[in-house]
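Following: one structure in structure tokens, then a few remarks.
The values are calculated or read from the model by the stated rules, or taken from the named source; none is laboratory data. These figures come from a predicted structure and were not determined experimentally. As a convention, Cβ positions derive from the backbone with ideal geometry for all residues, glycine included, and neighbour counts pool all protein chains shown.
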Amino acid sequence: MAVADAAQRTAGLSSGVPTRSAVAFVVVLLGASWAASWLLGGAGRVVPHWYYFPILFTALRFGHAGALVVALASGLLAGPLTPQLVSEGLAQTSSEWLTRTGFFVAVGQIAAVLMRPALPWLAAEARRRRLERAARGALAADELELWFQPVLRAGGGPIVGAEALLRWQHPDRGTLTAGEFIAELERTAAIHDVGDWVLRRACEHAASWPDEDLWVAVNVSAVELDSAALPGRIARALATSGLPASRLCLEVTETTLVEQLDGSIARLGELQRMGVRIAIDDFGTGYSSLAYVHRLPADILKIDRSFTARLGEQEQSEAIIGGVVILARTLGLETVAEGVERAEQVPWLHELGCDMTQGYHHHHPMPAGAFAALLASGEVAGRLDDDRERRRERRRER
């Protein structure tokens, strides 16, 4: 383990140092190595193994050519420029320093052949380990928080739910969105701890909202979906918060579902039987095949923002959104159009038959306190009351 950690530290150092700084670093190491040999009395009193440090660093950072140059420079410094005995001014024999130079060259080339190809993996592993430690530290230091982006009934209607979005108040880098760290975090065991925290906090917030029909959507990663422990974790979050299962919506990307289709169907079916809603996120950007869509236990299709953005500019986008709406209705699903950023998109999506919309035109993501204040405002409360009355009318008509 110690060797692996050392290798990762070397990988992180050599791959992350800019070129000028790396060259300066090598020059400093060479100068320090020569000075150490001189101060300790010469080549006859010490074996100058420290020259291997700049050689190995250069092999990892610059490859074969750089390692050869530094090895030859090391041979020159450790040979003719370093006396056998400094006190007597006795020079080394050529056979001694030429042999040493040969070792320098061989070690540098072997390192470039065997170790440099592993650098990307070692550097990535080092980043993952640092991120995992930092994420666990963020949980302990209460640096994570949830923001919420409202989802509205199509046509600019009342708020019907909200998507929970993870934010990391990083002490050095400021506020980080999930997109800046979650993909890397999914490659570590810490994703389950963070996922548990998000589930628990999202359910707690939703349980405190004034309207009993508002639902909260939580993104679930491929790693979490693949875990047999997911249903139990969700059940605990619901039980602890007191939130009804029908008010929790789990969002899973289309690509994630298809890459592990059979397992996804089984897991989502189990969750749906618990009463939890299932949304297929970014629908239309992946496979979007009728061969599997009808098999998925889902309640909502979220139309990807790339189609919404081109609405009114490309006829294909209108046709695609209309097709997804028809598909969803045929399968008994609802639709959410993401990425609504312009006022003219709202009536267009309503006309195409979308059930719900979400985007910056309505509301930007906001901290939990701001979202609670929005729900408590008179305007939103009135719209919520109007929507409840319409639902009651529909129930009476049935």
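Of all residues in region 40-65 being closer than 16 Å to ALA24 by Cα and without any contact (Cβ under 8 Å) to a residue 40 or more places away in the chain, which is surrounded by the fewest Cβ atoms within 10 Å (Cβ to Cβ)? By that ranking, first place goes to PHE53.
Determine which member of the set GLU251, GLU318, GLU313, GLU224 is of a type in the set (D, E, K, R) and either crowded, with 22+ Cβ neighbours inside 10 Å or at positive phi (or both).
Result of the check over GLU251, GLU318, GLU313, GLU224: GLU224.
Restricting THR240, THR255 to residues that are farther than 19 Å from GLY179 by Cβ, among the β-branched types (Val, Ile, Thr) and not in a strand (DSSP E or B) narrows the list to THR240.
Residues that are touching a residue at least 24 places away in the same chain (Cβ under 8 Å), part of a helix (DSSP H, G or I) and loosely packed, with under 15 Cβ neighbours inside 10 Å within region 335-352 comprise just one, PRO347.
With respect to the conditions (1) in a strand (DSSP E or B); (2) at pLDDT 90 or above; (3) on the phi > 0 side of the Ramachandran plot, ALA279 falls short on a single one, namely (3).
Taking the condition of being surrounded by 17 or more Cβ atoms within 10 Å (Cβ to Cβ) and hydrophobic (A, V, I, L, M, F, W, C), how many residues in region 227-244 meet it? The qualifying residues number 5. Return yes or no: is ARG267 buried (at least 19 other Cβ atoms within 10 Å of the Cβ), charged (D, E, K, R) and not in a strand (DSSP E or B)? So ARG267 passes the test.
Does SER317 satisfy the criteria of being modelled with pLDDT under 90, assigned to a helix (DSSP H, G or I), of a type outside the set (Phe, Trp, Tyr) and in the same structural domain as ARG153 (by TED's automatic domain parsing)? Taking the combined requirement at face value, the residue satisfies it. You will find that of SER221, SER246, the residue that is assigned by TED's automatic domain parsing to the domain that holds LEU152, within 18 Å of VAL336 (Cβ to Cβ) and touching a residue at least 12 places away in the same chain (Cβ under 8 Å) is SER246 and no other.
State which residue is nearest to ALA202 (Cα to Cα) when the search covers only region 133-148 and only residues that are out of contact with any Ser or Thr (no Cβ under 9 Å at 6 or more places or on another chain) and part of a helix (DSSP H, G or I). So, considering only residues that are out of contact with any Ser or Thr (no Cβ under 9 Å at 6 or more places or on another chain) and part of a helix (DSSP H, G or I), the one nearest to ALA202 (Cα to Cα) is LEU139. Comparison of ASP226, ASP142, ASP211, ASP172 shows that the only residue that is among the acidic types (Asp, Glu) and under 26 Å from ILE265 (Cα atoms) is ASP226.
For region 182-211, taking the residues that are in a loop (DSSP other than H, G, I, E, B) and not acidic (Asp, Glu), the one that is surrounded by the most Cβ atoms within 10 Å (Cβ to Cβ) is identified as TRP209.
Mind listing whichever residues of region 345-371 are aliphatic (A, V, I, L, M) and over 24 Å from GLU318 (Cβ atoms)? Passing the criteria: MET366, ALA368, ALA370. Within region 158-169, none of the residues are polar (S, T, N, Q), at pLDDT 90 or above and either in contact with a helix residue (DSSP H, G or I) (Cβ under 6 Å, 6 or more places away or on another chain) or not in a strand (DSSP E or B) (or both).
Taking the conditions exactly as written (part of a helix (DSSP H, G or I), at pLDDT 90 or above and either of a type outside the set (Gly, Ala, Ser) or within 46 Å of the chain's Cα centre (by Cα) (or both)), does ARG128 satisfy them or not? When the stated conditions are applied, ARG128 does not pass them.
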